[in-house]
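Asker: Below you will find the structure I want to go over with you.
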Amino acid sequence: MRFVVDSMLGTLARKLRIFGFDSLYYNDIDDDKLLSIVLNSDRVLLTSDKELFKRVISKNGRCILVNSNDEDNLVKILSYLGLKLKFALDNSRCPLCNEPLKRYDKIYLKELIPKKVYDTNDEFYLCSRCKKVYWKGSHIKRLLELENRVNKKIANS
């Protein structure tokens, strides 16, 4: 599933990308441009703007009305799509630019990685667009906890 996320929901866009969902996000885009993207692509708009939601639906676009709580939004979106959340760096996208991450042998990324991180990790992923390097750091525990909470809520809904 591919999304376009309105400008008020940047943290949701980043979370969706981390969990592998192709999610366009622009921090400054007008409603007409969002509407055009939705109507001319196979993307679902995620918005908390009720008027924009009505406009998209009236034009037969796909849209999910969300709120400001990312966890609740993930539950709503995934329940609607009949999916569960599953974290895997091999399927993640860059949270900054949405490019799929590619795994690299650490020797090729040595100059881009802090020495301590390089010495204590073996799996590294690179965004080919913005050149940011990712690895399984302490934030992974929080992502897995989020995955667990969201999937439990989906199962109980």
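The values are calculated or read from the model by the stated rules, or taken from the named source; none is laboratory data. Everything numeric here is computed off the predicted structure, so don't read it as measured data. Backbone-built Cβ (ideal geometry, glycine too); neighbour counts: all protein chains shown.
Asker: Does residue 124 qualify as being among the aromatic types (Phe, Trp, Tyr) and within 17 Å of the chain's Cα centre (by Cα)?
Answerer: So residue 124 does not fit the description; no.
Asker: Next question. Here is a check on your reading of the model: is residue 121 more than 20 Å from residue 73 (Cβ to Cβ) and in contact with a strand residue (DSSP E or B) (Cβ under 7 Å, 6 or more places away or on another chain)?
Answerer: Judged against the criteria, residue 121 is a match.
Asker: Let me ask something additional. In region 25-35, is there at least one residue being on the phi < 0 side of the Ramachandran plot and part of a strand (DSSP E or B)?
Answerer: yes
Asker: Please state which of the following conditions residue 70 fails to meet, knowing it meets all the rest: (1) outside the structural domain of residue 147 (by TED's automatic domain parsing); (2) touching a strand residue (DSSP E or B) at 6+ places or on another chain (Cβ under 8 Å).
Answerer: The one condition residue 70 does not meet is (2).
Asker: Further, regarding this structure: From 94, 130, grab the single residue that is under 24 Å from residue 2 (Cα atoms) and touching a strand residue (DSSP E or B) at 6+ places or on another chain (Cβ under 6 Å).
Answerer: 94
Asker: Return yes when residue 106 is touching a Phe, Trp or Tyr at 6+ places or on another chain (Cβ under 8 Å), charged (D, E, K, R), surrounded by 16 or more Cβ atoms within 10 Å (Cβ to Cβ) and assigned by TED's automatic domain parsing to the domain that holds residue 143 and no when it is not.
Answerer: yes
Asker: Another question, if that's okay. Identify all residues within region 16-53 that are among the basic types (Lys, Arg) and out of contact with any strand residue (DSSP E or B) (no Cβ under 9 Å at 6 or more places or on another chain); write none if there are none.
Answerer: If the condition is that a residue be among the basic types (Lys, Arg) and out of contact with any strand residue (DSSP E or B) (no Cβ under 9 Å at 6 or more places or on another chain), then 33 is the only one that fits.
Asker: To continue, here is another question. Which residues, taken from region 113-130, are out of contact with any Ser or Thr (no Cβ under 8 Å at 6 or more places or on another chain) and surrounded by 15 or more Cβ atoms within 10 Å (Cβ to Cβ)?
Answerer: 113, 118, 124, 126, 127
Asker: Next question. Kindly check whether there is at least one residue in region 94-103 that is among the charged types (D, E, K, R), at pLDDT below 95 and surrounded by fewer than 17 Cβ atoms within 10 Å (Cβ to Cβ).
Answerer: No, region 94-103 contains no residue that is among the charged types (D, E, K, R), at pLDDT below 95 and surrounded by fewer than 17 Cβ atoms within 10 Å (Cβ to Cβ).
Asker: Among the candidates 40, 69, 27, single out the residue that is within 30 Å of residue 135 (Cβ to Cβ) and free of Cβ contacts under 8 Å to residues at least 12 places away in the same chain.
Answerer: 69
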